[in-house]
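Note sheet for the following structure.
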Amino acid sequence: MKKIVVLTGAGMSAESGISTFRDSGGLWEQYRIEDVATPEAFSRNPQLVLDFYNMRRRELLKASPNKGHAGLAEMQDEYDISIITQNVDNLHEKAGSRRVLHLHGELMKARSSVNPDLIIDIDPENPEIKLGDKAPDGSQMRPHIVWFGEAVPMMYEAEREVGKAEVLVVIGTSLNVYPAAGLVHYAPAGIPVYLIDPQEVAVHRQGVHFIKKGASEGVAELRKLLKEII
Ligand code: APR
């Protein structure tokens, strides 16, 4: 089976009603990153940060996977496919994808604010992290999210995975944020690369096949194109 590695970003979940970051009306037009998505923000005003992620978690609990998520899950029967996502939602998993690596953390998980390995699943019935909620080590619980300025622990595993790809697919990311955006350069030279996005995306690599569509239609077109080359 051909090894396909898929790198997804916020646009993958846009059709599920989840806000992107840099589209018009995106999250970074409504909030300042330095107020809600850095360790300094959390120590300065933990309530504001907890409220931001509690709002995003409530939005996620109302969302369902779209046809793009479903198409990638169905491809597991045809290809050796793995997903590396910048998204913190669980819509790939909800659609049935079994191999999903989250580079920037997971919204439905919380963790100790002193031990990053002390991670706890969040109960969808009780989805808020409140000031005063303690981890087993007695520290304030925080979202299990990689904030700006923090290390991206899964990066090495992601680089190795992309380095083994026979086909690379990039869906719904502006490729603005490193180190995630740099993954494109770990793909072996000469392999087919497909990029699905309704907008133009600057990608500094030769031979990229642009599918200028949304995730749902784009994944359907990708599957047709792959049948022609594999
Ligand atoms: N289908 C596919 N792509 C779409 C759709 C759609 N329906 N709608 C929008 N897009 C595209 C946009 O054109 C854009 O290129 O999705 C991309 C979203 O880009 P960003 O909002 O920058 O999101 P992303 O690239 O995932 O951001 C990376 O930045 O803020 C951090 O940690 C955060 O993981 C995030 C990272």
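The values are calculated or read from the model by the stated rules, or taken from the named source; none is laboratory data. None of the values given here were measured: they were computed from a predicted structure. Don't worry about glycine lacking a Cβ; one is built from the backbone with ideal geometry, like all the others, and counts go over all protein chains shown. These accessible areas exclude ligands, DNA and RNA; they are computed on the full protein's heavy atoms, side chains included. Shrake-Rupley method; radii C 1.70, N 1.55, O 1.52, S 1.80 Å.
Among residues of segment 184-230 being surrounded by 19 or more Cβ atoms within 10 Å (Cβ to Cβ) and more than 16 Å from the ligand (Cβ to nearest atom), the one that is nearest to Arg160 (Cα to Cα) is Ala187. With the structure loaded, tell me whether Gly172 is buried (at least 19 other Cβ atoms within 10 Å of the Cβ) and out of contact with any His (no Cβ under 8 Å at 6 or more places or on another chain) or whether it fails that test. In short, yes. The residues of segment 11-47 that are closer than 15 Å to Pro143 by Cα, out of contact with any Gly (no Cβ under 9 Å at 6 or more places or on another chain) and open to solvent by 70 Å² or more (accessible area, probe 1.4 Å), listed by number, are Ser43, Gln47.
Would you mind stating whether Glu125 is more than 29 Å from Gln206 (Cα to Cα), assigned to a loop (DSSP other than H, G, I, E, B), open to solvent by 70 Å² or more (accessible area, probe 1.4 Å) and of a type outside the set (Val, Ile, Thr)? Judged against the criteria, Glu125 is a match. Here is the figure for segment 162-204: residues that are assigned to a helix (DSSP H, G or I), under 22 Å from Thr20 (Cβ atoms) and not small (Gly, Ala, Ser) total 2. Has segment 141-155 got at least one residue that is closer than 30 Å to Ile230 by Cβ and under 15 Å from the mean Cα position of the chain (by Cα)? Within segment 141-155, one or more residues are closer than 30 Å to Ile230 by Cβ and under 15 Å from the mean Cα position of the chain (by Cα). For segment 138-159, the count of residues that are free of Cβ contacts under 8 Å to residues at least 12 places away in the same chain and open to solvent by less than 50 Å² (accessible area, probe 1.4 Å) is at least one. Identify, by number, the condition in (1) more than 22 Å from Val152 (Cβ to Cβ); (2) of a type outside the set (Lys, Arg); (3) in a helix (DSSP H, G or I) that His209 doesn't meet. Of (1) more than 22 Å from Val152 (Cβ to Cβ); (2) of a type outside the set (Lys, Arg); (3) in a helix (DSSP H, G or I), only one is false for His209: (3). From the set of residues in segment 172-183 that are in contact (Cβ under 8 Å) with a residue 12 or more places away in the chain and more than 10 Å from the ligand (Cβ to nearest atom), which is farthest from Trp147 (Cα to Cα)? The selected residue is Leu183.
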